[in-house]
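Worksheet for the structure shown next.
The values are calculated or read from the model by the stated rules, or taken from the named source; none is laboratory data. The model shown is predicted, which means the values in this text are computed figures rather than measured ones. Positions of Cβ are backbone-derived with ideal geometry, glycine not excepted, and every protein chain shown enters the neighbour counts. Calculation scope for accessible area: heavy atoms of the full protein, side chains included, ligands and nucleic acids excluded. Shrake-Rupley method; radii C 1.70, N 1.55, O 1.52, S 1.80 Å.
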Amino acid sequence: MAILVTGGAGYIGSHMVKELLDREEDVIVLDNFQQGHEAAVLGGKLFVGDIRDTSILNKIFENHAIEAVIHFAASALVGESMVNPSKYYSNNLYGTLCLLDAMHQYGVKKIVFSSTAATYGEPVKVPIQETDATIPTNAYGETKLAVEKMLRWYDTAHDIKYIALRYFNASGAHESGLIGEDHEPETHLIPIVLQVALGQRSKIDIYGDDYPTKDGTCIRDYLHVSDLVDAHILALEKLRTGGESKIYNLGNGKGYSVKEIIETARIVTGHQIPAEIKERRNGDPAVLIASSDKIKSELNWTPIRTKLEQIIESAWKWHLNHPMGYRKE
Ligand SMILES: NC(=O)c1ccc[n+]([C@@H]2O[C@H](COP(=O)([O-])OP(=O)(O)OC[C@H]3O[C@@H](n4cnc5c(N)ncnc54)[C@H](O)[C@@H]3O)[C@@H](O)[C@H]2O)c1
Ligand SMILES: O=c1ccn([C@@H]2O[C@H](COP(=O)(O)OP(=O)(O)O[C@H]3O[C@H](CO)[C@H](O)[C@H](O)[C@H]3O)[C@@H](O)[C@H]2O)c(=O)[nH]1
């Protein structure tokens, strides 16, 4: 039987596909390339299409014995979601509805879902636990939270079991150097900082230095993409052995400020990486740090690439080898 990976040509999805292939799983990828890259898909069978297109879903489910779905496909830019919520409701909520209906129609009972720290909004305390209040401060987080709720009702009604993983900041790249992060536009801090080190940008803009943190810049919990993928493997195994539906945080439990990220990138790359303080970015909470105790104790997840230098080094290796990302020139 095969695993369907939606969004498998994207940043995290491509790392998932590689890990599944390394484990000799049968992999089917569905991606519409709104962000993904064909070259990021290192194997399996690739379908180019949209999760909202029921004809392509029917084609996949009819012709392949799908055991489980790992669902990454989504629109995932916080800022964009504030100016174009329609895109987020359509892609994230309606898209997942189409996928779940197809799963129900074809009797597929297991799904691992990419949720986000953005479901919490401004945290009431850190580290954040799964039981803390979820009051999203942007439309992106709202649509992901809505999907989590939808999953619960599809479990109740149709016995589709889910594990929703609320990622904090995915970062780094595969140790092989073959795949990494390549978004257009790029909005994430670490790849932008490394583009400065590559000479592709003149400086990094720091969005605000007046937050109530030790150096005034925002603090985030950066988790290596391969540790994140490992958690999906454990989630899949849990569902395979009859596990119940669950929601887990996924983070390192350690926060780094924007300034600390830039400083570490200066050490890793040997580049001075000029920085300029700018206005705050809309909707950015000051501090987001995960408690991942629940997934550690229930699924025995142990992140192993936890040092910030190690994470940035892995991303740097990817950027150095692929200065234009997946583009050839
Ligand atoms: N990167 C992070 O730090 C982070 C944090 C929290 C949650 N997430 C979630 O993880 C998932 C993957 O994130 P990513 O950083 O790899 O993003 P990404 O944009 O690199 O990957 C998403 C992939 O889904 C594809 N896609 C989007 N809409 C689609 C559709 N309608 N039909 C088919 N394919 C579609 C895109 O082309 C892309 O390849 C997303 O669901 C995102 O919300 C990411
Ligand atoms: O050029 C930049 C880019 C980012 N930042 C800052 O760096 C930090 C990290 O920003 P990212 O854009 O890299 O990541 P986010 O924390 O905004 O977003 C991540 O976590 C969110 C959950 O909170 C969502 O899930 C989202 O998809 C995921 O990428 C933020 O404080 C941001 O303001 C800058 O100062 N300058």
Between the stretch 143-191 and the stretch 272-329, how far is it from one alpha carbon centroid to the other, in angstrom?
14
Using a 1.4 Å probe, what is the accessible area per residue for the stretch 48-194, in Å²?
39
With a/c under 1.5 counting as rounded, go ahead and sort the chain into rounded, prolate or oblate using the C-alpha gyration tensor (a ≥ b ≥ c being the square roots of the eigenvalues; past the cut-off, prolate if a/b is larger than b/c, else oblate).
prolate
Within the stretch 93-108, whose backbone N sits under 14 Å from a point 7 Å along Cα→Cβ of Trp153?
93-94, 96-98, 100-101
Under 5 Å from the placed amide H of Leu223, counting only residues 5+ away or on other chains, we find Asn169, Ala170, Ser171
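Rank-order 124-135, 289-300 by packing density, defined as the average count of other C-beta atoms within 10 Å over each peptide's residues, highest first.
Order by mean packing, descending: 289-300, 124-135.
Could you order the peptides 194-201, 279-286, 215-222 from most to least packed, using the average number of other C-beta atoms within 10 Å per residue?
Going by the mean number of other Cβ atoms within 10 Å, highest first, we get 215-222, 194-201, 279-286.
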Could you run the Karplus curve 6.51 cos²θ - 1.76 cosθ + 1.60 with θ = phi - 60° over the stretch 87-92 and give me ³J(HN,Hα) per residue in whole Hz, x for Gly and Pro?
4, 6, 5, 5, 6, 7
Could you give me the ³J(HN,Hα) list for the stretch 252-265, computed from phi with Karplus coefficients 6.51, -1.76, 1.60 and θ = phi - 60°, whole Hz, x at Gly and Pro?
7, x, 10, x, 10, 7, 4, 5, 5, 4, 5, 4, 5, 5
As a test, work out the antiparallel percent of DSSP beta bridges whose residues both lie in the chain, rounded to the nearest 5.
5
Just want to confirm a number: the relative contact order over the stretch 114-170, from Cα pairs under 8 angstrom separated by 6+ residues, in percent.
44
For the stretch 50-185, what is the number of Lys pairs with C-alpha distance below 26 angstrom, counting only pairs 8 or more positions apart or on separate chains?
16
Packing-based ranking, highest mean first, of 264-273, 230-239 given that Cβ atoms within 10 Å are counted:
230-239, 264-273
Whole-Å distance, taken between Cα centres, linking the stretch 49-75 and the stretch 212-253
24
List every residue whose amide H lies under 5 Å from the amide H of Ile289, counting only residues 5 or more places away in sequence or on a different chain, with H placed 1.01 Å from N in the peptide plane.
Ile128
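Find the relative contact order for the chain and round it to a whole percent, using C-alpha pairs within less than 8 Å whose residues are 6+ positions apart.
18
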Whole-Hz ³J(HN,Hα) for each residue in the stretch 160-165, computed from phi via Karplus 6.51 cos²θ - 1.76 cosθ + 1.60 with θ = phi - 60°, x for glycine and proline: what do you get?
7, 8, 10, 10, 9, 10
